[in-house]
Structures are given as structure tokens and as C-alpha cells.
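What follows is calculated from the coordinates using simple rules that are stated; it is not laboratory data. As the structure is a computational prediction, the values presented were derived from the model and not from experiment. Reconstructed Cβ throughout: ideal geometry from the backbone, glycine too, with neighbour counts over all protein chains shown.
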Amino acid sequence: MLYRPPSITIIGFGAFGRLVAAVLASHARVSVYDQSPDAWSAASALGFEVIASTKEISTDIVVLAVPVQSLSEVLLDIAPLLRPGQVVVDVCSIKEEPARMMRQLLPPHVEVLASHPMFGPGSVKNGVAGAQIVLCPVRGTRWRAFAVFLRRTLGLEVIVTTPEEHDRQAAMTQGLTHLLARAFQALGERPRIRTRSFDLILEALAMVTNDAPEIYEAVTRGNRHVDPLRQDLLRALASLGKAPESAAAADAAGQ
């Protein structure tokens, strides 16, 4: 029997949707759906099949590369159109709310996988091998084969966990990173006198400084675990500003 590569429709052809399409193009039959005429043109120019309506989506896998703010609208649109056996995968930056919405709004005859590639176009210019991707199984078992493909074929580090645990850890690794990037940006121009370590910090923060506003909103306000961490960070910074004798006195008082 001849091998038939899986068929995938990517809904949303923004910066990350384009990255997903480029990575999967040599491993699957990729089509694209996006309501923007500019996105249609871009997808066509890159050689991808463009789907004119969600009613035409009949692929094995449907990847939702849309902002979390638009996810419920997309789910309500495609839910009545999905056939048994299809797999729906989201790539939103937070996982608890997308997983809840997909579980609630998608029909029980489709499999559901919440995922978060821990990279973007700016951080994988030399390829995705070695980068992390988080998988949060919601419904079904075909995610296991997907995990094997991601690990063996694409060379990704696959982490399988729950949506809650993802958001708890991502609150620090992603949420605080975005907050720090905005905070450093507000401090003004980069000083002329600086260390290499300072330059490295700014280079790391620059990777998220220009992310779309909806991404910033999702990872800082859509993740319920971020605000407690932000408060912890503020308290830690405030304690570092105390004089040594004041800090010692505070420690003694706490004993």
C-alpha cells in the first residue's frame, strides 16, 4: 500500500500559521483557510491550497492558528462541519481556557489536542529541531502518533502535561518574560555603557517585544497564574531595595 501523507488545514495564516505551514509542507498535504484576502494571496504565492470556506474543510487534521480571543468564534463555526475521526489542534499560548472551549464546543466524534509550540518565527530561524512543544491531550488517542512525528521527524522536545500545569509553568517562563520586555522598553533607550550580560538580557527580551498585542494580552492576562507571580516579583524587587540592616531586622522580626 502506498503511503498517504496526512492532510492538514491551517485556519489562520498569520505569522505563526505561516511558520506551521512551512514546517509541515514537506510532511503533509497542507491547505490554508483565512478570511483575509492578504492571507489568501500570501498562501497562494507560497504554493498552498487556499480554502474559500470552512465548509470545504475535510482534512485529517485541523490546526487552529488563531488568537485565543478569536478561538470561540472559530470553534462555533467549524463544529457543525467536522466529521468523525478528524483531529482538531490549537496552538494558543495559554492552555486552560482553549482546552475548556474545545472540550465544550467541539462535537464528541472529533479528537482534540491542545498544544503550545514554545517558539515563534523569531526564535527558530535556523529550524525547529531542539525546540520545545507542549501537548495537552483533551480527547482521543491519535495525539500519541502526532507526538512521535514531532519528536522523531521534526526533532522537537515533546512535553506532555495538563493544561493547568502548562499555564502554571508558562506564567513564569512566558508571562513574566513579556512583562519584563514591556517594562524594559518603558525605561527608554539602551545605555551606551553596558555589559555583555545586559546585552544578552535585551536580546532575549527583544524576541517577544514586538509580538502581536493579542499574544501579550493572552500570556499576561489570559493566564490566571501570571498575576500572583507578578506580585511575587514586585515584592522581591522591593526587598532588594532595602538597606542591609533593615532586611536583617525584618528577618529577625519574622523569627
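Quick notes on this one:
- Against the chain, whose longest principal axis comes from its Cα atoms, helix 176-186 is set at around 60 degrees.
- Ranked TRP40, TRP143, criterion: other C-beta atoms within 10 Å, fewest first: TRP40, TRP143
- Total charge dipole magnitude, the chain, about the Cα centre, Cβ charges on Lys, Arg, Asp, Glu only, Debye to nearest 20: 520
- For the chain, the longest principal axis of the Cα atoms and the long axis of helix 196-209 meet at an angle of about 40 degrees.
- Degrees, to the nearest 10: 244-254 long Cα axis against longest axis of the chain: 80
- For the range 79-95, backbone phi angles converted through the Karplus equation (6.51, -1.76, 1.60; θ = phi - 60°) give residue-by-residue couplings of 3, x, 9, 7, 9, x, x, 5, 10, 10, 10, 9, 10, 5, 6, 10, 10 Hz, Gly and Pro being listed as x.
- In straight-distance terms, cross-link reach from LYS95 covers every one of the lysines whose alpha-carbon lies under 27 Å from its own, apart from those fewer than eight places away in the same chain; here that gives LYS55, LYS125.
- Checking [x] 23.6, 89; [y] 21.2, 77; [z] 18.9, 57 against the coordinates, the calculated Rg and Dmax of the Cα atoms in Å falls under label [y].
- Inter-centroid distance (Cα atoms) of the range 3-47 relative to the range 156-193, Å: 28
- Choice from VAL74, VAL66, VAL87 showing the highest fluctuation, given a GNM over the chain with Cα pairs closer than 10 Å: VAL74
- Going by neighbour counts of Cβ atoms within 10 Å, the residues THR59, THR209 line up, fewest first, as THR209, THR59.
- Inverse mean reciprocal Cα-Cα distance (Kirkwood Rh) of the range 166-242, Å: 13.5
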